[in-house]
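Trainee: The structure's right below; bear with me while I get my questions together.
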Amino acid sequence: MPENTNTEKEKPRIGVFICHCGSNIGGFVDVKAVTEYASTLPDVAYATDNLYTCAEDGLNNIKESIKEHNLNRVVVSSCTPRTHAPLFQRTCEAAGVNKYMFTFVNIREHCSWVHMKQKEKATQKAKDLVRMGVARARFLEPQEETKVDVTPVALVVGGGVSGMTAALSLANMGFPVHLVEKEKALGGFVKNLHGLMMTTKSANETIKPLIDKVDAHKNITQHLSSHLASVEGFIGNYDVSIGGDGAEAKDVKVGTIIVATGAVPLVPEGLFGYKEHPNIITSTEFEELCNKKELPKLKSVAFIQCAGARGQKVSYCSRICCNVAIKSAISIAENRDNMLGVTEEEGGVVEEPVAEKKAEDEGLDRRRRRRGRGRREEGEAGEESAPSSGVDITVFNRDVMAYGVENELEFNKAREKRVKFIRYVPDNLPKVSVKDGKLEVEYFHETLKMERTMPVDMVILSTPLVAQPDAATLSQLLKVPLGQEGFFQEAHVKLRPVDFATDGVYVCGTCRGPADIAEAVYQAAAAASRAAIPLANGFVQAEALTSRVDETKCTGCGTCVEVCPYGALRKSEEGISEVIAAACKGCGCCGATCPEGAITMTHYTDLQLLAEAKAALEEV
Amino acid sequence: MTEKKHHTAHHGKKKGEADKEWEPKIVGFLCNWCSYAGADLCGVSRFQYPTNIRLVRVMCSTRVSPHLVLEVFEAGADGILIGGCHLNDCHYMTGNFHTEKRVNLMKKLLREAGIDEGRLRLEWVSASEGEKFSKVVTEFTEEIQKLGQSKVHADDMVKAKVAAADDASETFRLKALVGKEFNLLDKGNAYGDKLDPEKFRGIIDAATEDEFERALILELARIRPMSVKQLGMVMDTPTDRILRHIVLLRQNSKIAMEHPEGFTPVYKTVAIGGEQ
Ligand SMILES: Cc1cc2nc3c(=O)[nH]c(=O)nc-3n(C[C@H](O)[C@H](O)[C@H](O)COP(=O)(O)OP(=O)(O)OC[C@H]3O[C@@H](n4cnc5c(N)ncnc54)[C@H](O)[C@@H]3O)c2cc1C
Ligand code: SF4
Ligand code: SF4
C-alpha cells in the first residue's frame, strides 16, 4: 500500500492518555478498565489515565511519557477535538512529536455524557472508541504545513464609495492597490444622487474629498473603463489580467482581492403604472431630475415604498429606500436648493425660519399626545396643512424602516414638515392610474377603513437595489458564490460578514446587499483590514489537510477540477491535475470523486478512515 | 429489495457469535462542522441515546465515498449513518450536495446487493441540533434492531455481493457519472444548459446495474471458475446478460476462459497486482 510507508521507517509506538475529566467521564465510564484494555492493543507502548489531561499535570505527563517511552504517536481519549485538539497538538510538538501524529478520541460528549445510566455498556463503548483511535494512529504520517509567500499588493474591483474606501485604507497601510472601475469615472452610484440623508451637502460634494484622496494617492493605480479579463491563482498569488476599452490587457500580480461592485436599482417594469406617464418615476430617476434641475412643477407628490420589494419582484427589504424617501420628502418640503424651481413672483425659496420650526415642534408634541404612540406615523390626509414649500407629500408604505438613531430623527423631521405617511397592506397595494392626463393614487385607508383617491402631480416609486446583472461573471472568475438573490455571499452571515469562504477574497458595499453609504464605508474598512492580514504577514500557512494527486494514476479527466468549490485544483502543463495546497481546504470532495482513485486526502486517507471504522466492528 | 430474513448459512457462524446476545454495530461518519458539533452539543445537553453507534470524524460528509461505506458494510457493520450540514449550510459550500448524489448511488448498490437500504442513513444535523442527533441515533438504532444482524459474515453470497457493490462503486464509469451529477444537473454545463434529471438518473441506474453484475461475476469467478449458465443461476440473471458482460470483461482482460475438451467453457477472474 503506497499510502502507508512509514511503518517500515518507524515502528509505531503509541501512547494512550485517558481522561477522567473529573467525574465527567470517570463517573460514568470505568476509566481504569479502559486504560488497562488500551495497554493491550497492538503498538501501544504506554497507556495511562489522568484526572484532567488538559491541565498542566496532564500535559506534562504527555510530554514526559513521550520522552520516557520513546512514543511517536499520541492518542488522547477525553472530550472533543473541536475545542481541545490544538492544545494537545501543541503539547505533542513541544515534545518533538509531529502534530499530525496525534489522534483524538471523544469519550465524553460521545460517550459518558450520552450514556449516563449504562456504565457497563458505556465502558465497552469507550474501549471500542479507544481501539478505533489506536487503529487510526497506527497509520498516521507526519506532515509539513505549507507556507506560501504573499504578494503584498491588493486588487479592488469597483470604484464606488466602498471600493474607494477600501483602496484608500489599504493604500494608507502602505500596500500598493489596483483599483478597477468599469465606468470612466470613480464615484459609483452616488454620482447619480442629488442630496444625501442627514447632510445638507450635495452627494457629489460629499464624495469629492474621497475621490480626490484616491486620485492623489501614490499607492493607488486606477484602471478606469476596465474590467477583470481573467484571474488565476489563489490567496497570496493571483495573476490578474485587467482589460480596458480597446486597450491592451494589463497583467498584475496581487495577494488579495476585494469585491465592491455595488448594486443597481430595480426597474419596476409593469408595476404601479411605471412608464405609463412621464411623472411616474423611480427614486433614482427623481434624483437625476433634481440634479439636472428638470423637475416639473409640483403641487403634490406620492412616494410608493417597497415598489417591487418584499415579495413582489424580490423577496427582501432593500434597507435604504424608506430613508431615501424620507430624505427626498424633506428636501421637497424644504425646497432644497430651490429644486422645485420656484420663481420670485411665486413666493421664492422656502428656507424655514427657526421660529416657525419651534412652533412646529410644539404642534408636533401636541399631536403626539393626542394620537398616542401607536399611530404616530399615520398622517391623516388633509388633516394638516401642507409643508412650507407648498407641496403635499405622501409616503405610501407597508411600515417605515427608519432603523437606528439618525434615521428615526430624520423620520420625525419629515413628520414635523407635515409629510404624510399612509400605510398599505401587501394584499391591497395602492393603484396608480392616469385620468385625463392626470395622475391619481387609489388606496385603501387602513385606519379610516375606506377607499380613497388622491390626485397627485408625481409618483415616485421606491424600488429596491438588486444585484449587478453581470455579478455571475465575476463570481465565476473569482470562484466566490452568489446568494439566492444574486448578491455576493459572505462566508458567515454573523461572524465573517466581509470574508468569502475562499481565503484571499473579501466583499463590501452594496454588492453584498443593500446598504447606505455609511454602512458601505464600515464594510469597506472592515474588508480592507481583513485583506491586509495576509499582506502584512507576508505569508499564509495552510494546514496539511489537503488533497494529493498521484500523477501516475491521474488521467487528466478533470472531474476533480469541476467539483472543487475553491478552485484548488488545476491542470498542469502535462494535462494532469495538480493541487494548489494554499487554496485547498481539505473537504475531500475531489478524493471521493476522482474516477481513477488518484487522489489521497492527507490525514484522512482511506487507509486511516477504514482502519478506524473497521476497528469498531471487531469482536472482543 | 428487502433482505431475505431466513437464510441457510453457507459457513455457519463464527465461534462465539451464537451465544452472545446480538447488539447492532453501527458506524457513523460525521462532518466536523455540523453533525460532529451537533453530536457534541447532544452530549453537552445530556440527551441520551443507545450505546451502539461508533463515530468517525471527517472534515466534510463529501469525503465519505461509496467505497468507505461499502467496505465497512463488507466488514460487518449492521448500519451506517452519514451526518452532514443542512443543504446550503455546508462549511465547504457544495460538499453535501455531492454527498446526496453519492448516497443515492450507495443505496442503489445496496439494493443490487440485496441489502436493505434502510441500513444506510443520511441525515443533516446542524451544530445546534443536539436533541435531533439523539433522536436520529435512537431511531436508527431501533430500525437496525428490526432489520437484524448483517449477514455478511454468515453468508458467502451476501459477502460476495457487498464486495461486488464496493468494486462497482470504484469503477471509472460510476465515479465519473456520479461525480459530475451535481454540476450537470444542478449547476448546468459550461453552456448553462441543464440536463434532464430523469434521463440522467436513468443512465446512472442502468450503469449501476451493469457495473454491479460485472463486479459480481468477477467476485464469484475469483472464488472458482464458473460457466455462463452457473453464473446466471447463482446471480439470478438472464444468461444473455451474463454473456454480454463476459465478452466485455474478456476484452478488458479481466476474465479468462478455460475450455477443457468436452466440457462447457468456464471463466476465471484474472488476478491483478497482489490479488490471488
Ligand atoms: C435612489 C437611491 C438613493 C440613495 N440615497 C442615499 C443617501 O441619501 N444616503 C446614503 O447613504 N445612501 C444612499 N443610497 C445608497 C448608496 O447609493 C449606496 O450605499 C452606495 O452607492 C454604495 O456604494 P458601493 O461602492 O458599495 O456601490 P456603488 O456605488 O454601486 O459602486 C460600485 C462601483 O463598481 C463598479 N462596478 C460594477 N461592476 C463592476 C465590474 N464588474 N468591474 C469593475 N467595476 C464594476 C460600478 O461601475 C460602480 O462604480 C441611495 C441609493 C439609491 C438607489
Ligand atoms: S479526477 Fe482524478 S483522474 Fe481526473 S483529473 Fe482529477 S485527479 Fe486526475
Ligand atoms: S479537498 Fe476539497 S478543497 Fe481540496 S482540492 Fe479537493 S475538493 Fe478542493
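Trainee: What nm value, rounded to one decimal, do you get for the distance between residue A:23 and residue B:135 when each label is placed 7 Å out toward the C-beta?
Mentor: The modelled label-to-label distance comes out at 3.2 nm.
Trainee: Ok, one more. Report the local net charge at residue A:63: Lys and Arg +1, Asp and Glu -1, summed over other residues whose C-beta lies under 14 Å from its C-beta.
Mentor: Working: positive: A:67, A:90, A:99; negative: A:56, A:57, A:64, A:68, A:93.
Result for the neighbourhood of residue A:63: -2.
Trainee: A further question follows. In what sequence do A:343, B:239, A:35 fall when counting other Cβ within 10 Å, fewest first?
Mentor: Numbers: A:343 9, B:239 16, A:35 21.
The fewest-first ordering by Cβ neighbours comes to A:343, B:239, A:35.
Trainee: If you take the beta carbon distance between residue A:269 and residue A:537 as r and set R0 to 56 Å, what does 1/(1 + (r/R0)^6) give as a FRET efficiency, to the nearest 0.05? If you can, show how the numbers build up before the last one.
Mentor: Working: r = 49 Å, r/R0 = 0.87.
That pair, residue A:269 with residue A:537, gives E of 0.70.
Trainee: Relative contact order, percent, of chain A when contacts are C-alpha pairs under 8 Å separated by at least 6 residues?
Mentor: Numbers: 1263 pairs, mean separation 89.8, N = 620.
Relative CO of chain A lands at 14 percent.
Trainee: I would also like to ask the following. Give the relative contact order (percent, whole number) for the stretch B:224-276; include only Cα pairs under 8 Å separated by 6+ residues.
Mentor: Working: 49 pairs, mean separation 19.2, N = 53.
The normalised contact order for the stretch B:224-276 reaches 36 percent.
Trainee: Using only alpha carbons, build the gyration tensor for the stretch B:142-276 and give me the equivalent ellipsoid semi-axes, biggest first, whole Å.
Mentor: Values: eigenvalues 199, 94, 37 Å².
Its equivalent ellipsoid spans semi-axes of 32, 22, 14 Å.
Trainee: Right, here's the next one. What full-extension length gain, to one decimal in nm, is calculated for residue A:446 and residue A:496 as 0.36 nm per residue of separation minus the Cα-Cα distance? Provide the component values of the computation, followed by the final result.
Mentor: Numbers: separation 50, 0.36 × 50 = 18.00 nm, distance 4.16 nm.
Residue separation times 0.36 nm, minus the Cα-Cα distance, leaves 13.8 nm.
Trainee: Skipping prolines and chain starts, which residues have an amide H placed within reach, meaning under 5 Å, of the one on residue A:308, given they are 5 or more residues away or on another chain?
Mentor: So residue A:308 has HN proximity to A:313.
Trainee: Another question about this same structure. Take the residue pairs A:313/A:431; A:479/B:107; A:99/B:107; A:63/A:119; B:101/B:159 and return only those whose Cα atoms are more than 27 Å apart. Let's see the in-between values first.
Mentor: On the way: A:313/A:431 17 Å; A:479/B:107 32 Å; A:99/B:107 37 Å; A:63/A:119 31 Å; B:101/B:159 25 Å.
Among A:313/A:431; A:479/B:107; A:99/B:107; A:63/A:119; B:101/B:159, the Cα-Cα distance tops 27 Å for A:479/B:107; A:99/B:107; A:63/A:119.
Trainee: How far apart, in nm, are the 7 Å Cα→Cβ label points at residue A:55 and residue B:244?
Mentor: If labels sit at residue A:55 and residue B:244, their model points lie 7.0 nm apart.
Trainee: Based on alpha-carbon centroids, what's the gap between the stretch B:129-190 and the stretch A:523-547 in Å, whole number please?
Mentor: Comparing the Cα centres of the stretch B:129-190 and the stretch A:523-547, I get a distance of 38 Å.
Trainee: Relative to the longest principal axis of the C-alpha atoms of chain A, give the angle of the C-alpha long axis of helix A:354-371, reported between 0 and 90° and rounded to the nearest 10°.
Mentor: So the helix axis and the longest Cα principal axis differ by about 70 degrees.
Trainee: So what are the ³J(HN,Hα) numbers for the stretch B:170-180, from phi and the Karplus equation (6.51, -1.76, 1.60; θ = phi - 60°), rounded to whole Hz, Gly and Pro as x?
Mentor: These are the phi-based 3J(HN,Hα) values: 8, 6, 3, 4, 5, 5, 5, 4, 6, x, 8 Hz.
Trainee: Set the Förster radius R0 to 56 Å, insert the Cβ-Cβ distance between residue B:198 and residue A:552 as r into 1/(1 + (r/R0)^6), and round the FRET efficiency to 0.05. Before the final figure, lay out the partial values.
Mentor: Working: r = 39 Å, r/R0 = 0.69.
Here the calculated transfer efficiency is 0.90.
Trainee: Apply the Karplus parameterisation 6.51 cos²θ - 1.76 cosθ + 1.60, with θ equal to phi minus 60°, to every residue of the stretch A:59-74 and state each ³J(HN,Hα) to the nearest whole Hz, in sequence, with x for glycine and proline.
Mentor: Ordered by residue, 3J(HN,Hα) equals 5, 4, 4, 4, 4, 5, 5, 4, 5, 4, 9, 6, 6, 10, 8, 10 Hz.
Trainee: Which parts of the stretch A:598-620 would a label at residue A:145 reach, counting a residue when its backbone N lies under 19 Å from a point 7 Å out along Cα-to-Cβ?
Mentor: So the set is A:602-604.
Trainee: Going by how many other Cβ atoms sit within 10 Å of their own, how do B:101, A:208, A:327 line up, fewest first? Don't jump to the answer; show the numbers that get you there.
Mentor: Values: B:101 23, A:208 13, A:327 26.
Sorted ascending by nearby Cβ count, the order is A:208, B:101, A:327.
Trainee: For chain A, with the dipole built from +1 on Lys and Arg beta-carbon atoms and -1 on Asp and Glu ones, taken about the Cα centre, which of A:290, A:538, A:463 lies farthest toward the positive end?
Mentor: So the residue furthest toward the plus end is A:463.
Trainee: Where the centre of each part is set by its Cα atoms, how far does the stretch A:89-147 sit from the stretch A:405-429, in angstrom?
Mentor: The distance from the Cα centre of the stretch A:89-147 to that of the stretch A:405-429 comes to 61 Å.
Trainee: Using only the alpha-carbon atoms of the stretch B:192-242, report the extent along each of the three principal axes, biggest first, to the nearest angstrom.
Mentor: 50, 19, 12
Trainee: Okay, moving on. On the principal axes of its Cα set, how long, how wide and how thick is the stretch B:50-155? Give whole Å, largest value first.
Mentor: 41, 27, 19
Trainee: When the Karplus curve 6.51 cos²θ - 1.76 cosθ + 1.60 is applied with θ = phi - 60°, which whole-Hz ³J(HN,Hα) does each residue of the stretch B:145-155 get, with x for Gly and Pro?
Mentor: Coupling constants for the stretch B:145-155: 3, 5, 6, x, 6, 4, 8, 4, 7, 9, 9 Hz.
Trainee: Roughly how large, in nm² to one decimal, is the mean projection of the convex hull of the alpha-carbon atoms in chain A?
Mentor: Working: hull surface 153.7 nm².
Average of the hull's projected areas for chain A equals 38.4 nm².
Trainee: Using modelled backbone amide H atoms (1.01 Å from N, in-plane), which distant-in-sequence or interchain residues come within less than 5 Å of residue A:461's amide H?
Mentor: A:281, A:282, A:283, A:304
Trainee: Which residues does a label at residue A:93 reach in the stretch A:518-562, if reach means a backbone N under 17 Å from a point 7 Å past the Cα toward the Cβ?
Mentor: Residues A:539-546 qualify, since their backbone N sits under 17 Å from the label point.
Trainee: So, one more: Which Rg and Dmax, in Å, describe the Cα atoms of the stretch A:543-601?
Mentor: Here Rg and the maximum Cα pair distance are 9.8, 27 Å.
Trainee: Here is a further query. Taking the dipole about the Cα centre of the protein assembly as shown, with the C-beta of Lys and Arg at +1 and of Asp and Glu at -1, give me whichever of B:60, A:102, A:333 is farthest to the positive side.
Mentor: With unit charges placed on the Cβ atoms, the residue in question is A:102.
Trainee: Across the Cα atoms of the stretch A:14-143, what radius of gyration and what greatest pairwise Cα-Cα distance (Dmax) are found, in Å?
Mentor: Taking only Cα atoms of the stretch A:14-143, I get Rg and Dmax of 13.2, 41 Å.
Trainee: Taking all pairs of different Cα atoms in the stretch A:460-523, averaging 1/r and flipping that mean, what Kirkwood radius in angstroms comes out?
Mentor: Value: 12.3 Å, from the Cα pair sum.
Trainee: Same structure, new question: If each residue of separation counts as 0.36 nm, what is the full-extension length gain between residue A:11 and residue A:294 once their alpha-carbon separation is subtracted?
Mentor: Length difference between fully extended and current span is 93.3 nm.
Trainee: Ranked by Cβ crowding within 10 angstrom, fewest neighbours first, how are A:620, A:254 ordered?
Mentor: Details: A:620 8, A:254 26.
Ordered from fewest to most neighbouring Cβ atoms within 10 Å, A:620, A:254 come out as A:620, A:254.
Trainee: Hey, another quick one. Net charge near residue A:505: determine it from the other residues with C-beta under 14 Å of the C-beta of residue A:505, scoring Lys and Arg +1 and Asp and Glu -1. Can you show the working numbers first?
Mentor: Numbers: positive: A:479, A:496, A:512, A:530, A:585; negative: A:232, A:490, A:499, A:503.
Cβ neighbours under 14 Å give a net charge of +1.
Trainee: Taking the Cβ of residue A:203 as the center, what net charge do the other residues with Cβ under 9 Å away carry, scoring Lys and Arg +1 and Asp and Glu -1? Show your work: numbers first, answer last.
Mentor: Details: positive: A:191, A:201; negative: A:205, A:287.
With Lys, Arg at +1 and Asp, Glu at -1, the neighbours total 0.
Trainee: For the pair residue B:117 and residue A:43, how long in nm is the line joining their label points, each one 7 Å along Cα→Cβ?
Mentor: Label at residue B:117, label at residue A:43, 3.8 nm between them.
Trainee: Once R0 is set to 51 Å, what does the formula 1/(1 + (r/R0)^6) return for the Cβ-Cβ distance between residue B:86 and residue A:435, expressed as a FRET efficiency to the nearest 0.05?
Mentor: Details: r = 52 Å, r/R0 = 1.03.
Efficiency, rounded to the nearest 0.05: 0.45.
Trainee: Still on this model: Treating cross-link reach as a plain straight distance, find the aspartates and glutamates whose alpha-carbon is under 16 Å from the alpha-carbon of residue A:147, omitting any fewer than eight places away in the same chain.
Mentor: A:503, A:543
Trainee: So, one more: Using only DSSP helix segments of four residues or longer, with each worth -39500 (n - 2.57), what per-residue ellipticity at 222 nm results for the protein assembly as shown after dividing by its residue count and rounding to 500? Can you show the working numbers first?
Mentor: Values: 25 runs with 317 residues, N = 896.
Value at 222 nm, helices only, nearest 500: -11000 deg cm²/dmol.
Where a number appears in this text, it was derived from the coordinates with a stated rule and is not lab data. Note that the structure is a prediction, hence the values are computed from the model and not measured. All Cβ positions, glycine included, derive from the backbone under ideal geometry; neighbour counts span all protein chains shown.
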